[in-house]
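For reference, the structure discussed in these notes is given below.
All of the numbers you see were taken from the coordinates with simple rules; none came from a lab. Given the structure is predicted, the values throughout are model-derived calculations rather than measurements. In this analysis, Cβ positions are derived from the backbone assuming ideal geometry, glycine residues included, and neighbour counts consider all displayed protein chains.
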Amino acid sequence: MANSDSSTDPSVIHDDDPSRRDVILIGAGAFAAIGGAAALWPLLDQMNPDASTLSLASIEVDLAPVEEGQAITVMWRGKPIFIRHRTAEEVDAAKDVKLNDLPDQLARNANLADTALATDENRAATDKEPWLVMIGICTHLGCIPQGQAVGSYKGEYGGWYCPCHGSQYDTAGRIRKGPAPENMYIPPYAFTSDTKIKIG
């Protein structure tokens, strides 16, 4: 008598057995996916920042040599950073300015909320009001204002003067006169000790 077991009958097709065609399709699909990823990787990788840019993501600056009334300029991410150790007179002059007298009443401080007002307290270093740290670029057309070097012209307000189109900033880096629409920006920074700051 014939055996009725279909497992040995070659004419019966089982759906759970992968056919040779399925194996070839899976292999070809996997090969195409790996090849596509390998082809896209150089295109995606070139969009990453350069290693030299990443190395400047943050910098530490020693402020110990900067005496009262002096200023230094350091580079951070390709931008000049103005650091000024303001005198008591410069701090008082900045504090005496009324917000209504400012063309731009926002602090433009990356360490504060976007809506923070441009008081001297919101522009100067927290708990270290003589120190002012700013991105030294005029907000009109991107020129570098004068006022960092001893004896350079600082404008009518004793801060910085942009020689390109005459914008004038006060001792808190706020625009007071000229075509610049905004105050100079304050970068993200923090004091890591009494004499050192980390920018970025």
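Other residues with beta-carbon under 9 Å from the beta-carbon of residue 173 carry, at +1 per Lys or Arg and -1 per Asp or Glu, a net charge of +3.
By the beta-carbon count within 10 Å of each Cβ, the least crowded to most crowded order of 186, 24, 199, fewest first, is 24, 199, 186. Stokes-Einstein at 20 °C, 1.002 mPa s, Kirkwood radius from Cα pairs: D for the chain in µm² s⁻¹? Stokes-Einstein gives a translational diffusion coefficient of 102 µm²/s. Helix 20-45 and the longest principal axis of the Cα set of the chain meet at an angle near 10°. Between 29, 69, 136, the GNM of the chain built on Cα springs shorter than 10 angstrom shows 29 fluctuating the most.
Separation of the stretch 63-132 and the stretch 145-200, taken as the distance between their Cα centroids, equals 7 angstrom. Near residue 89: Cβ cut-off under 14 Å, other residues only, Lys/Arg at +1 and Asp/Glu at -1. The net charge is -3.
Highest average first, the peptides 156-169, 98-111, 116-129 ordered by how many other beta carbon atoms sit within 10 Å of their residues are 156-169, 116-129, 98-111.
Each other residue within a Cβ distance under 10 Å of residue 159 adds +1 if Lys or Arg and -1 if Asp or Glu, for a net charge of +2.
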